[in-house]
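See below for the structure under consideration.
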Amino acid sequence: MNIFAAIRVALTALRVNALRSALAMLGVVIGVSAVIVMVSVTEGASNAIEEQIASFGANLLIIRPGSSAFGGRRGGAGTATFMNDEDVEAIRNEIDGIAAVSGEMSGTSTFVADGVNWSTRIQGVHAEYFETRDWFPSSGRTFYPEEVNSGARVVLIGQTLARELYGASDPIGQIVRVGTTPMEIIGVMSAKGQSSWGQDQDDVALAPINTVRDRILGYDLGVRDPVFTIYAEIDASANADMVTADLEDLMRLRRNIQPGAEDDFSVNNLGEFIRARNETESQLGLLLAAAAGISLLVGGIGIMNIMLVSTTERTREIGLRLAVGAKRADIRNQFLIESVVLCFTGGLLGLLIGIGGAAYIDSLDQFPIEIQPTVAFIAIGASAFVGIFFGFYPAHRASRLDPIEALRFE
């Protein structure tokens with residue numbers, strides 16, 4: 001019996017017992033569809049997290065003042081002395097392995113252009129801020145270091161602010177009033193989208209830090225040239241842990257923190273978040289693989305059970321085939337092909353249901369979905385493997401029947 005004839009006979013046998021065949025492949029259908037949905041949701045969530053981390057900038061250290069302690073009592077967050085431009089310069093000049101560093105201070109101000117008002121966040125930054133955050137304008141330019149030093153009245157605006165103030169018009173070169181200060185728009189930042197906590201990262205304006213400090217916000221924080229946050233990008237060739245340790249030592253020295261005393265600042269390394277994400281993703285992948293394995297195992301046991309029942313019911317048919325000259329390999333291949341067709345069909349149905357389920361979840365806009373083509377091929381291949389593995393014993397058992405005893409079977 002050739003392979004095509006064996007497939008035709010297998011399909012006929014499965015069609016005769018359609019309900020039983022459908023129930024047998026149900027375990028494979030559920031297993032494959034569950035794998036497709038779970039992997040799609042996991043991949044989508046992983047990509048969304050990776051995009052959020054990337055939006056902060058690669059190899060980024062974030063330095064902020066923490067709370068202060070006096071006589072065993074801790075003050076509230078932000079009560080420690082603010083950092084300043086001298087700290088930024090010290091990090092730039094004294095720490096090896098720093099590719100770029102920028103201070104940042106921010107507040108809210110009203111932007112007025114052509115009679116349109118829009119209140120948004122304005123950030124005062126140094127010229128290297130764009131490199132530290134890996135965020136550059138989609139049109140126009142960034143400001144120069146000399147513009148930071150002179151407090152030039154120039155500003156870059158985010159996509160949301162550009163749309164609200166100017167609609168479809170080009171804002172480059174336009175004059176916008178920020179509070180009471182007229183400023184020239186020199187660039188529009190590339191789109192960033194929403195952050196993980198729902199903040200619109202494109203509803204923002206960026207200006208030289210001296211301009212924001214002196215002309216826009218006018219904060220009196222008791223520190224000369226204060227900054228709220230320092231962003232430092234670690235060079236790709238540098239040891240991140242060593243750079244972080246050196247930076248912490250420098251900050252303790254500059255802030256006169258005695259040995260053994262608690263730091264009144266914090267240094268957060270986004271590389272740690274990336275490592276934690278990778279570890280979590282690996283663990284989640286193992287859990288998904290285990291769940292998929294269990295689902296397919298249950299489905300395979302169901303397939304084996306049905307095939308054993310089928311060989312018992314068709315014992316006389318097997319004896320008749322052997323009696324008229326069929327080889328034992330023909331009998332084995334016939335039942336093995338029936339098992340593979342059963343599992344392959346179940347895998348195909350599971351794939352369609354899984355893709356449909358993932359598409360439905362995606363339409364709800366509750367979870368990001370990423371369907372990987374390789375997962376589909378793996379699921380179909382795994383279902384075919386289950387058919388071969390769990391179908392081999394019933395097929396082999398059928399091929400070993402004695403023709404005379406099989407013809408006598410009632």
Legend entry - Lys, Arg +1 and Asp, Glu -1 on Cβ, resulting dipole of segment 74-261 about Cα centre, debye, nearest 20: 640 debye
Inset, instruction - Could you look at the chain and say what percent of its accessible area is carbon and sulfur, using a 1.4 Å probe and all protein chains? - result: 57 percent
Legend entry - Share, in percent, of DSSP beta bridges within segment 74-261 that are antiparallel, nearest 5: 75 percent
Legend entry - Accessible surface ranking that places the most exposed of 38, 25, 242 first, with a 1.4 angstrom probe: 242, 38, 25
Legend entry - Accessible area of segment 74-261 divided out per residue, in Å², using a probe of 1.4 angstrom: 47 Å²
Legend entry - Solvent-accessible area of residue 220 with every protein chain in place, 1.4 Å probe, in Å² to the nearest 10: 140 Å²
Inset, instruction - Give the dimensionless ratio obtained when the Cα radius of gyration of segment 343-395 is divided by 2.2 N^0.38 Å. - result: 1.42
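Summing +1 for each Lys or Arg and -1 for each Asp or Glu, what net charge is found among the other residues whose Cβ lies under 14 Å from the Cβ of residue 132?
Spelling it out: positives minus negatives among the neighbours equals -4.
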Inset, instruction - Give the Rg/Rh ratio for the chain, taking Rg as the radius of gyration of the Cα atoms and Rh as the Kirkwood radius, to two decimals. - result: 1.26
Legend entry - Relative contact order (%) - criterion: Cα under 8 Å, at least six apart; region: the chain: 28 percent
Legend entry - Given charges at Cβ of Lys, Arg, Asp, Glu: the chain dipole, positive-most of 99, 84, 361: 361
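State which stretch of the chain is the longest one without any exposed trypsin sites (Lys or Arg not before Pro), exposure meaning a DSSP loop state and at most 14 other Cβ atoms within 10 Å.
Result, exposed sites excluded: 1-140.
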Inset, instruction - Please report the relative contact order for segment 121-263, taking Cα pairs under 8 Å with a sequence separation of at least 6, and give it as a percent rounded to a whole number. - result: 30 percent
Inset, instruction - For n ≥ 4 DSSP H runs only, could you compute -39500 (n - 2.57) per run for the chain, divide by its residues and tell me the 222 nm figure to the nearest 500? - result: -18000 deg cm²/dmol
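Would you kindly work out the equivalent ellipsoid of segment 74-261 from its C-alpha gyration tensor and give its semi-axes, the square roots of five times the eigenvalues, largest first in whole Å?
Equivalent-ellipsoid dimensions as semi-axes: 31, 18, 15 Å.
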Inset, instruction - Choose one answer from 26, 322, 217: the residue with the largest mean-square fluctuation in a GNM of the chain with alpha-carbon springs under 10 Å. - result: 322
Legend entry - Sum of side-chain charges, residue 204 neighbourhood, beta-carbon under 11 Å (Lys, Arg +1; Asp, Glu -1): -1
Inset, instruction - Taking each pair of different alpha-carbon atoms in segment 108-152 once, compute 1/r for the pair, average those values, and report the inverse of that mean as the Kirkwood hydrodynamic radius in Å to one decimal. - result: 12.5 Å
Inset, instruction - Report the charge-dipole magnitude of the chain in Debye, nearest 20, computed about the Cα centre from +1 at each Lys and Arg Cβ and -1 at each Asp and Glu Cβ. - result: 2660 debye
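The values are calculated or read from the model by the stated rules, or taken from the named source; none is laboratory data. Predicted model only: the values in this text are computed from it and were never measured. FYI the Cβ positions are ideal-geometry reconstructions off the backbone, even for glycines, and counts take in every protein chain you see. SASA here: full protein model, heavy atoms, side chains in, ligands and nucleic acids out. Shrake-Rupley method; radii C 1.70, N 1.55, O 1.52, S 1.80 Å.
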